[in-house]
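Below is one structure, written out as C-alpha cells, with a few remarks after it.
The values are calculated or read from the model by the stated rules, or taken from the named source; none is laboratory data. The structure presented is a predicted model; accordingly, all values stated were derived computationally and were not measured. Cβ: placed from backbone, ideal geometry, glycine included. Neighbour counts: every protein chain shown. Side chains are part of the model used for accessible areas, which takes the heavy atoms of the whole protein and leaves out ligands, DNA and RNA. Shrake-Rupley method; radii C 1.70, N 1.55, O 1.52, S 1.80 Å.
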Amino acid sequence: MAAPSNRKRKRRSAGAAGARKRARRHSVVKLRKQHESTCHDRISELPDDLLTTILGHLDTRTSAATSVLSRRWQHLWKSVPKLRFSQHDILPQTELSHFLRAHEYVFFKPSLCPWKRRVRANPERLIRLVGRYRTRIFLSLLTGYLHKSNAGDKNGTKISSLVLCCTMEDCYANLIDKLISIAICRGVEHLNLETYLYSANDQRPSPAPYKFPLSLFADGKGLSVTKLILAECTLSIPVGFAGFKSLVELSFTEMHISEDMIQTLIENCPNLECFRLRLCSGARHLKIASPHLQLREIMVKSCLQITHMELFAPKLQQFTYRGPCISMVLSSVPLMEHACLDYEGRRDGESVKYILGKLSQDFSLLTSLSIVLNTYRLKNPVIPEVVPTPFKNLKSLTLGAIMHCNDDIGWVTMLLEVAPVLESFQIELLTNEKREHPGGVLWEPSDNAHRHLRQVKFYRFRMRQADVALAGLLLARAPLLQTMTFSRGSVHRSPGQTAQYVEAAADWTAEQRSAITRRLETCNAFGARLEFRS
C-alpha cells in the first residue's frame, strides 16, 4: 500500500490540531460556566455603604488599590470616612522580600573591579535603601491622594478619622498641612498624628519636627474634632486661639510643651474628659486647676522633668502616674476612685516611704489602687517614718513588688492594715539575685486582722520561704477569706488597655501543689480554698 502524500498528512494534522483546539475551547467554556455557578461574586452585590465600611478597616493605600477592580470600585474608596496613612506598614512582606533580594548584592563594572563582579551589600546599606524606598512610596501616596480626592471640593465625603504615622521628612510638612486642611473642611472628629524623627543611631540628618498648624483651627474651624493625639510635634498657640470646643480626648507623646501651653489648652477645651502626657518635656510644675473642668481621666507617664503636680479637678475619676516620686497637691478631687502609681526605683527609698506613709493621706477616697513598688535598688533598709492615715473606701489593691529574692515581704501587710475595708488583694512578685547586705523594708509584725478580705491572688509565685510566709500570714488574719490563688504566670499591662494574664510555660506539678498545701495547712484555720493556675 502506497504511503500517503505530504498534502494529505498536512491536512490530517491540521484537522487533528483543530479538533484539539475546539476541545480545549469547549473545556474552558465549561469550566468557566462551572466557576460562575459555584463561585458567585457576592461582595459586589453588597451595598456601597457596607463596602465603604469594610474598606474603612484597611489603610488608605490598600483601599485605593481596589479602584482597578471595576468601574463600580473606581471611585468607591473616596467615600471611605476613615483615612489611615502609615509609612511603617506601607510595604507588604512579599514586596519587601523582593526589594531585599534585588538589592542584596552590589555589582561593579569590569573596568572598575575586574577581579570581583559583585559583593554582598552591607546590612546598614540595606536599611537605608529600605528607608528611602518607604519614603518614596509614602510621598507618592500623599501626593496621589491629594490629587485624586479633589482637594478643592469642601463639600466632599465626611472624614470621621485621620491617622497618619511616619518618620518625618522635610518634604512631608506641606502635604500634611494640606491633608489636615481637607480633613477639617470635611468635619474630621478623630485626628491622630505621629510624626517621629530619626533615632540617634541613624546617620541621616534629622529634619525639623513637624509644627502642628493650630492656625487652621481659628475662626470657628475644627469644631467637630473630639479626639486629638499628637506625637513628636511642636506646638505654637497663635493669637486669638479659641480652643477646641468639642474636644473630649487630648494626648501628647514625646513633645516639648510648656506649663503655660498646657494650662491654656485645658482652659480652652471646656468638654475635655481625658488628658494624657507621655515622655514629654518642658514642664516642671504641672498645674491642672479649674472649677469648670470636665476631666475624668489624667495620665502622666515618664515625664521626668516634672517635679511638682497640682490637681484641682472636681470630676476626676481616674489618675495614672509613672515616674519618680514627686510632690503632689490634690486640692479638690472628691470623685477620684481609681489610681495607678508606678514609681521608678531610686536608691534613697523616697517612693517607698511615700507609699507607706503619705499616700493614703493624698488618695484617701480611692476604691481601687494599683502600685508598682521597687525596692531592688535600695542602698539601705527603709523604715517608715509616720503612721499612715487609713483609706476610707479602698476595696481593691494591686501591688507589683520588684525586689531581691532574699528580702522579707511581710511589710506588705502594712498596706493592708491602712485599708480596713479591703476585699480583693493581688500581688505580683518580681525577684532577682540575692542581696549581700540587709535591705528592703523593715517592719514590725502586728495582730491586726483583715476582716473584709475575701480574695487574694499571687502572680509569679516561686515557693520562696518569704512568699509562703506572706501567704500564711494572710490566711491566719483574714476570717472571711474565700479563695487564695497561686499563679506561675504574670500580668501584662499595656498602656490604655485592660491588664491581661500571661500563662507560664510550665504548670504546677502534683508535688509542688501538695507541698504548698502542706506548708499552709496549719495557717488555714478559716478554711479558705487554695487554687493553682499555670
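Show me the strands (runs of 3 or more DSSP E) found entirely inside segment 458-514 where at least 3 residues are at pLDDT 90 or above and closer than 29 Å to TYR321 by Cα. Write out each step before concluding.
Values: elements: 483-487, 490-492, 500-502.
Of the strands (runs of 3 or more DSSP E) lying wholly inside segment 458-514, those with at least 3 residues that are at pLDDT 90 or above and closer than 29 Å to TYR321 by Cα span 483-487.
Of all residues being surrounded by 18 or more Cβ atoms within 10 Å (Cβ to Cβ) and charged (D, E, K, R) in segment 457-477, which is farthest from ARG533 (Cα to Cα)? Just the residue, please.
Looking at the filtered set, the residue picked out is ARG477.
Exactly one condition in (1) touching a His at 6+ places or on another chain (Cβ under 6 Å); (2) at pLDDT 80 or above is not met by GLU521; state its number.
(1)
What are the pairs with Cβ atoms under 7 angstrom where one residue, in segment 347-368, is closer than 12 Å to LEU415 by Cα and the other, located anywhere, is crowded, with 23+ Cβ neighbours inside 10 Å? Sequence gap at least six, or different chains.
Note: pairs meeting the criteria are VAL352/VAL441; SER360/PHE391.
Can you pull out every residue in segment 238-258 that is in contact (Cβ under 8 Å) with a residue 12 or more places away in the chain and farther than 27 Å from ARG322 by Cβ? Explain how you work it out, then say what you get.
To start, the set of residues in segment 238-258 that are in contact (Cβ under 8 Å) with a residue 12 or more places away in the chain comprises 238, 240-258.
Once the filter is applied, which keeps residues that are in contact (Cβ under 8 Å) with a residue 12 or more places away in the chain and farther than 27 Å from ARG322 by Cβ, segment 238-258 yields PRO238, GLY240, PHE241, ALA242, GLY243, LYS245, SER246.
Looking only at residues that are assigned to a helix (DSSP H, G or I) and either of a type in the set (Lys, Arg) or in contact (Cβ under 8 Å) with a residue 40 or more places away in the chain (or both) in segment 69-88, which one is least open to solvent (accessible area, probe 1.4 Å)? Explain how you work it out, then say what you get.
Filtering segment 69-88 for residues assigned to a helix (DSSP H, G or I) gives 76-79.
After this cut, where a residue has to be either of a type in the set (Lys, Arg) or in contact (Cβ under 8 Å) with a residue 40 or more places away in the chain (or both) as well, the list is 78-79.
On the way: LYS78: 71, SER79: 50 Å².
Filtering segment 69-88 for residues that are assigned to a helix (DSSP H, G or I) and either of a type in the set (Lys, Arg) or in contact (Cβ under 8 Å) with a residue 40 or more places away in the chain (or both), the one least open to solvent (accessible area, probe 1.4 Å) comes out as SER79.
Can you tell me which residue is nearest to ARG284 (Cα to Cα) among those in segment 225-245 that are small (Gly, Ala, Ser) and open to solvent by 40 Å² or more (accessible area, probe 1.4 Å)? Show your work before the answer.
Initially, segment 225-245 is screened for residues small (Gly, Ala, Ser), giving 231, 236, 240, 242-243.
Then drop every residue that is not open to solvent by 40 Å² or more (accessible area, probe 1.4 Å), which leaves 236, 240, 242.
Numbers: SER236: 19, GLY240: 26, ALA242: 25 Å.
Result: SER236.
Return the only residue of ARG451, ARG435 being modelled with pLDDT of 80 or more and open to solvent by 20 Å² or more (accessible area, probe 1.4 Å). Even if it seems obvious, please write down each step before you answer.
Numbers: ARG435 fails: modelled with pLDDT of 80 or more.
After applying the criteria, what remains is ARG451.
Okay, residues lined up against (1) modelled with pLDDT of 90 or more; (2) surrounded by 16 or more Cβ atoms within 10 Å (Cβ to Cβ); (3) among the small types (Gly, Ala, Ser):
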| site | (1), (2), (3) |
| --- | --- |
| THR320 | yes, yes, no |
| ILE326 | no, yes, no |
| VAL329 | no, no, no |
| ASP342 | no, yes, no |
| ARG346 | no, no, no |
| GLY349 | no, yes, yes |
| VAL352 | no, yes, no |
| SER368 | yes, yes, yes |
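Per-residue answers, yes or no, for (1) in a helix (DSSP H, G or I); (2) in contact with a His (Cβ under 9 Å, 6 or more places away or on another chain); (3) at pLDDT below 85; (4) open to solvent by 40 Å² or more (accessible area, probe 1.4 Å):
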| site | (1), (2), (3), (4) |
| --- | --- |
| SER13 | yes, no, yes, yes |
| ALA19 | yes, no, yes, yes |
| ARG32 | yes, no, yes, yes |
| THR52 | yes, no, no, no |
| LEU58 | no, no, no, yes |
| ALA64 | yes, no, no, no |
| SER67 | yes, yes, yes, no |
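Among the residues of segment 511-531, are any surrounded by 12 or more Cβ atoms within 10 Å (Cβ to Cβ), among the charged types (D, E, K, R) and within 30 Å of LEU279 (Cβ to Cβ)?
No, segment 511-531 contains no residue that is surrounded by 12 or more Cβ atoms within 10 Å (Cβ to Cβ), among the charged types (D, E, K, R) and within 30 Å of LEU279 (Cβ to Cβ).
So, SER63, is that one polar (S, T, N, Q) and more than 29 Å from the chain's Cα centre (by Cα) or not? Break it down stepwise before answering.
Values: polar (S, T, N, Q): yes; more than 29 Å from the chain's Cα centre (by Cα): no.
So SER63 fails the test.
For a quick check of your reading of the model, give me the residue pairs whose first member lies in segment 496-507 and is closer than 30 Å to GLN318 by Cβ, whose second is modelled with pLDDT under 75, with beta-carbon atoms closer than 7 Å and at least 6 apart or on different chains.
ALA499/HIS492; ALA499/ARG493; GLN500/HIS492; VAL502/HIS492
Looking at segment 89-112 only, could you name the residues that are among the aliphatic types (A, V, I, L, M), assigned to a loop (DSSP other than H, G, I, E, B) and either closer than 30 Å to GLU194 by Cα or at pLDDT 70 or above (or both)? Even if it seems obvious, please write down each step before you answer.
Kept after step one, since they are among the aliphatic types (A, V, I, L, M), are these residues of segment 89-112: 90-91, 96, 100, 102, 106, 112.
Still in the running and assigned to a loop (DSSP other than H, G, I, E, B): 90-91, 112.
ILE90, LEU91, listed by residue number.
Could you identify the single residue in TYR196, TYR210 that is crowded, with 16+ Cβ neighbours inside 10 Å, modelled with pLDDT under 90 and closer than 30 Å to GLU344 by Cβ?
Numbers: TYR210 fails: modelled with pLDDT under 90.
From the options TYR196, TYR210, the qualifying one is TYR196.
Tell me which residues, restricted to segment 394-421, are at pLDDT 90 or above and open to solvent by 10 Å² or more (accessible area, probe 1.4 Å).
LYS395, SER396, THR398, VAL421
Step by step: first the residues of segment 246-290, then only those that are hydroxyl-bearing (Ser, Thr, Tyr) and more than 23 Å from LYS315 (Cβ to Cβ), then the one that is surrounded by the most Cβ atoms within 10 Å (Cβ to Cβ). Which residue is that? Walk me through it before giving the result.
Just the residues of segment 246-290 that are hydroxyl-bearing (Ser, Thr, Tyr), to begin with: 246, 251, 253, 258, 264, 281, 290.
Subsequent filtering for residues that are more than 23 Å from LYS315 (Cβ to Cβ) retains 253, 258, 281.
Values: THR253: 18, SER258: 14, SER281: 14.
Among residues in segment 246-290 that are hydroxyl-bearing (Ser, Thr, Tyr) and more than 23 Å from LYS315 (Cβ to Cβ), the one surrounded by the most Cβ atoms within 10 Å (Cβ to Cβ) is THR253.
Filter segment 161-175 down to residues that are crowded, with 21+ Cβ neighbours inside 10 Å and farther than 13 Å from SER206 by Cα, then give me how many there are.
4
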